[in-house]
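Taken together, the values in this text are just the output of simple stated rules run on the coordinates, not laboratory data. Computed from a prediction, not measured in an experiment: that's the story for all the values here. Virtual Cβ from ideal backbone geometry, glycine too; neighbours counted across all protein chains shown.
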Amino acid sequence: MSDENRVPVLRITNLYKSFGALKATDGVSLDLYEGEIHALIGPNGAGKSTLIKQISGDYPSDKGSIEFLGKDLAGLGVADRAQAGLGRTFQISSLALEFSALRNVMLAVQAKSGSSFRFFKPVMKDQALIDGAMAKLEQVGLESRADIPAAELSHGERRQLEIAIALALKPKAFLLDEPMAGMGPEGSVKLTRFLDKLRHKAPILLVEHDMDAVFALADRISVLVYGQVVATGSVEEIRNNPVVREAYLGTEVV
Amino acid sequence: MTSALFIEQLLNGLQFGVMLFLMAAGLTLVFGVMGLINLAHGALYMVGAFACATVANFTGSFWLGLAASIVAAATAGAIVELVVIRRLYKRDHLDQVLATFALILIFSEGTRWVFGSFPLYLNVPDLLSGPVMLPGGIQYSLYRLAIIVIGGLVALGLYFLIAKTRLGIRIRAGESDREMIAALGVDIRLLYTIVFALGAALAGFAGALVGAIQSVQVGMGEPVLILAFVVIVIGGIGSIKGALVGAILVGIVDTMGRFLLPMFFQLFMENAQANSVGSALASMSIYILMALVLIFKPKGLFPAHG
Amino acid sequence: MVKLTKENSLNALVAMTLLVVPFIALAIDEPFYITLATRVAIFALAGVGLNLALGLGGLVSFGHAAFFGLGGYAAGILASHALNYEPIFTVPFEVNGTTEMLIIWLVAILVSGLAALFIGLFSLRTTGVYFIMITLAFAQMIYYFAISWPAYGGEDGLSIYVRNKFPGVNTLDPLSFFLIAFCVLMLAVLLVFVLKNSRFGAALQAARQNDERLSAVGIHPFNIRLTAFVVSAMITGLAGALYADLNRFVSPNMFSWHTSGEIMIFVILGGVGRMFGPIVGAALFILFEFVFGGLTEHWMLFLGLVLLVVVLFARGGLIGFITGKVRHE
């Protein structure tokens, strides 16, 4: 996949972030190409979440650069990066809990289709917003739950809703932080099938603990240990890499 | 302007700052440990002043009054905590603001009902009355000087309490991790009551000390409370050190602003106009200070939590 | 269309009652009740403003007295200059006072909006307790400024000797003035209702519920909140201008933090985030003051107790209590 002549959608170069004495990311470089799923794995505390937050704009980086579609993201906040085309889901679902599932997605459709500084037309009479949001709910199989407040959705449904919102943003790249977490076996299988197709819409940087899903989906895998990428390669290369086996697979996945 | 006058004003600013610290310490402690915003803190200041004035006028002893102020404010604080405040810890800030605003109404009107609308007067104790000669030939009020010294001692005591004693360790643990401290078997409800009563006692003590240089009346706590808010916003909410630095800063900026700004404007305006412009600007000076601090340090000078 | 829910019926009842009271008062020749109803309408208007920021946006502003007072002083200053035939300022161009309500309102709205823009730029960078304290502090700053600035009466306040004019209406007639205030109130409620359902309203409510989510879809919560804060202040400022006209007097007390607290009480007693909540809240407040104020001069003590009970035990305010819902969606 990593053809040297192609320009990556997302290129992370030498990224650092420390919290006091703790080096959460310690010189991370990785890239994401059109059409691929690049999985990021590593033991707990390896710095995966920090890296995702640096990319999404939650944390400013101490050093290094993040290039997205050829532009440096330095100095841009979360909202700017979302506008630029980073579609992100949260490790722990982050939704407007009083709003229905539909209105959560509508918010994303609204952000994508013109200004939020429109003060008079009621959103619930804006058929384009409703239809656009409904279509995304159908894609993730939540259409029957459209009118249910997010607070009353099950854990798995909230994860699906997060993905529907990310879809509605029509992103140029997905940033999925443990989308399978707590989904249950059946849900994971469904979601795996869904992500498999999704990569053709936009490439996915996938942080995931579910190794079955990672091995089934990933075009490339990077392994993060103590804030450093210890290996990057295809599924086979990573499975057979002695350093990875020792540092990670050997301890957690037998 | 003579340098003696300047130093006198500087000392007044320091004295004011020390008073503000006694108020702000309780506020910031209660916020840091319990996450509670307490508007009724000024009411406890008033309770202290009224208790001191009543007891001092009845017994003739300022010192008994001072002791009474601490006891009364701590008791009022403990009761309020047991009856109302502990129901608010898990509520959002809006509920806390409203409930403690309601407490102000209750305390103020209750006090007016009992004591009437006329101010009470509290005399400076004989031991501390009159001026004192400072090095350099500067005359200064002994009582105000005593307040500065007492305030400094209280700040030291508070530091010692929090840094060195068992109670202090628990308070600091309570700030960083509520579940952990409960798991350690510390009675967290009792701890909260103690912290609240301690903050109340400091406020009551401050009220009593100030009562002797101002009049003791209903509503006296409110301007001080708002200044104490400014202090802890500047210092960083939850930080005792921030409260001390912020209090001294606010005390001195406010006092010196009132003293210097009218003089400054007299340099290029007629006197009456300079006085009004200067004093109007002086009354805004600490808020401008706060805005400046927030531009550069949105969480205050000494952010307490991460 | 508007559905006939329990809350909507209650809202209609509330609005009708407020509208009918002055006519009854006129019929039984008790003009004082007209003034009470006018106060309810004006206080409710101030609350409707705060409710936009507080109820929809979750912005616990403890400084809305600043805008109420600025609106009031805008009215007072314009009118006093008009009556004295003195221009307000002459450099760089001459600006004269006026007694035309419509112009006064416009100025009140602009001044409050500008102040909110300035205060919001600082305070909205912070959240939670910091926001509460900073809004409070800015309002106090203006309060102390009003007290120490002697040109417009300083601590004593400023009297407006003639009620300002409204085209085609005799504003000195209490009922006519009430109707003006009532119409402004209804328009403001309508405006907030429309805003609530708009794209902007969706973003604002999302900002209250979860600003991380709002950012992640690419909308800046700060800009949304600042806009809401400014519009909210404008409505409360307009209420201040009407209040100045009602009393024909403005004083620094309009800026005091008790005023901020009271505006908040109007919102809370009725029910946070409910379109007609501030009207119910203001009516309860005035009724309470009238009934208990007649019995004892210490009625504020009982107000405090009632407020305490509402906050501790009746979340959702009176409307929430009657309709059985904690929050209106």
Checklist entry - Per residue of C:205-213, what is the mean number of Cβ atoms on other protein chains within 10 angstrom of that residue's Cβ? => result 6
Next on the checklist: Show me, for region B:8-17, the HN-Hα J-couplings you get by feeding each phi into the Karplus relation (A = 6.51, B = -1.76, C = 1.60, θ = phi - 60°), rounded to Hz, glycine and proline as x.
Outcome noted: 4, 5, 4, 5, 4, x, 5, 4, 4, x
Checklist outcome for this item: Any aspartates and glutamates whose Cα falls less than 15 Å from that of A:K112, other than same-chain ones fewer than 8 residues away, would be A:D80, A:D126, A:D131
Next on the checklist: Test of understanding: extend the Cα→C-beta vector of A:K112 to 7 Å, then name every residue of region A:50-83 with backbone N under 14 Å from that spot.
Outcome noted: A:82-83
Checklist entry - Charges only on Cβ, +1 for Lys and Arg, -1 for Asp and Glu: so what's the dipole of region C:6-323 about the Cα centre, in debye to the nearest 20? => result 1020 debye
Checklist outcome for this item: Taking placed amide H atoms and a strict 5 Å upper bound, the residues 5 or more places from A:L86 or on another chain that come that close are A:K172
Next on the checklist: Which entries of A:K17/B:K299; A:K17/B:K297; A:K71/A:K170; A:K48/A:K172; A:K121/A:K172 have Cα-Cα distances beyond 27 Å here?
Outcome noted: A:K121/A:K172
Checklist outcome for this item: If one compares the long axis through the Cα atoms of helix B:166-176 with the longest principal axis of the Cα atoms of chain B, the angle in degrees, nearest 10, works out at 90 degrees
Checklist entry - Any idea how far the Cα center of region C:226-263 sits from the one of region B:116-152, in Å? => result 41 Å
Checklist outcome for this item: Along region C:263-271, Karplus-curve 3J(HN,Hα) (6.51, -1.76, 1.60; θ = phi - 60°) to the nearest Hz, with x for Gly and Pro, reads 4, 5, 4, 4, 5, 6, 4, x, x
Checklist entry - PRE reach from A:L97 (point 7 Å along Cα→Cβ): which of region B:33-59 fall under 20 Å by backbone N? => result B:35-36
Item to check | Peptide A:92-98 - average C-beta neighbours from other chains (10 Å radius) | outcome: 5
Next on the checklist: Taking θ = phi - 60°, what integer Hz values does the Karplus form 6.51 cos²θ - 1.76 cosθ + 1.60 yield along region B:136-146, in sequence order, with x for Gly and Pro?
Outcome noted: x, x, 9, 8, 9, 5, 4, 4, 5, 4, 5
Next on the checklist: Taking each residue in B:34-45, count the Cβ atoms of any other chain within 10 Å of its Cβ, then average. What number comes out?
Outcome noted: 1
Next on the checklist: I'd like the chymotrypsin sites (Phe, Trp or Tyr not before Pro) in region C:127-164 restricted to DSSP loop residues with at most 15 other Cβ atoms within 10 Å, sorted by number.
Outcome noted: C:Y161
Item to check | Cα-Cα P(r), the protein assembly as shown, percent of pairs per 10 Å interval | outcome: 2, 11, 18, 21, 19, 15, 9, 4, 1, 0
Checklist outcome for this item: Any aspartates and glutamates whose Cα falls less than 19 Å from that of C:K165, other than same-chain ones fewer than 8 residues away, would be C:E86, C:E100, C:D173, C:D245
Checklist entry - In whole percent, what relative contact order does region B:7-218 give with Cα contacts below 8 Å and a gap of six or more residues? => result 43 percent
Checklist entry - Once both axes come from the Cα atoms, what is the angle between helix A:155-168 and the longest principal axis of chain A, in degrees from 0 to 90, rounded to 10? => result 80 degrees
Checklist outcome for this item: Checking rank on B:95-106, C:77-88, with mean other Cβ inside 10 Å and highest first, the result is B:95-106, C:77-88
Checklist outcome for this item: GluC sites (Glu not before Pro) in region C:77-162 lying in a DSSP loop, each with at most 13 other Cβ atoms within 10 Å of its Cβ, come to C:E94
Next on the checklist: Going Cα to Cα from A:K125, which aspartates and glutamates come in below 19 Å? Please leave out same-chain ones fewer than 8 positions away.
Outcome noted: A:E143, A:D147, C:E329
Checklist entry - How large is the charge dipole for the protein assembly as shown, taken about the Cα centre, if only the Cβ atoms of Lys, Arg (+1) and Asp, Glu (-1) carry charge, to the nearest 20 debye? => result 660 debye
Item to check | Distance from region C:33-54 to region C:67-88 (C-alpha centre basis), Å | outcome: 21 Å
Checklist entry - Any idea what the relative contact order of chain C is, in percent, if you count C-alpha pairs under 8 Å spaced at least 6 apart? => result 31 percent
Checklist entry - If you line up the long axis of helix B:93-115 against the longest principal axis of chain B, both from Cα atoms, how many degrees apart are they, to the nearest 10? => result 70 degrees
Checklist outcome for this item: Sorted on mean Cβ neighbours within 10 Å (highest first), peptides A:81-88, C:227-234, B:151-158, B:229-236 come out as B:229-236, C:227-234, A:81-88, B:151-158
Checklist entry - Which net charge results when you count Lys and Arg as +1 and Asp and Glu as -1 among the other residues whose beta-carbon is under 15 Å from that of B:L292? => result +2
Item to check | Segments C:205-213, C:293-301 sorted - mean Cβ within 10 Å per residue, highest first | outcome: C:205-213, C:293-301
Checklist outcome for this item: With the charge dipole of region C:153-293 built from beta-carbon charges (+1 for Lys and Arg, -1 for Asp and Glu) about the Cα centre, the Cα from C:N197, C:L238, C:G168 projecting farthest to the positive end belongs to C:N197
Checklist entry - Is it possible to state the helix-based mean residue ellipticity at 222 nm for the protein assembly as shown, with each DSSP H run of 4+ residues giving -39500 (n - 2.57), the sum divided by total residues, to the nearest 500 deg cm²/dmol? What is it? => result -20500 deg cm²/dmol
Checklist entry - About its Cα centre, how strong a charge dipole does region B:7-218 have in debye, to the nearest 20, once Lys and Arg get +1 and Asp and Glu get -1 at the Cβ? => result 340 debye
Item to check | Low-density loop positions, chymotrypsin sites (Phe, Trp or Tyr not before Pro), region B:234-306 - DSSP coil, at most 14 other Cβ in 10 Å | outcome: B:F268
Checklist entry - Taking H as built 1.01 Å from N, whose amide H comes closer than 5 Å to the amide H of C:F249, not counting residues under 5 places away? => result C:I160
Checklist entry - Using modelled backbone amide H atoms (1.01 Å from N, in-plane), which distant-in-sequence or interchain residues come within less than 5 Å of A:T25's amide H? => result A:K17
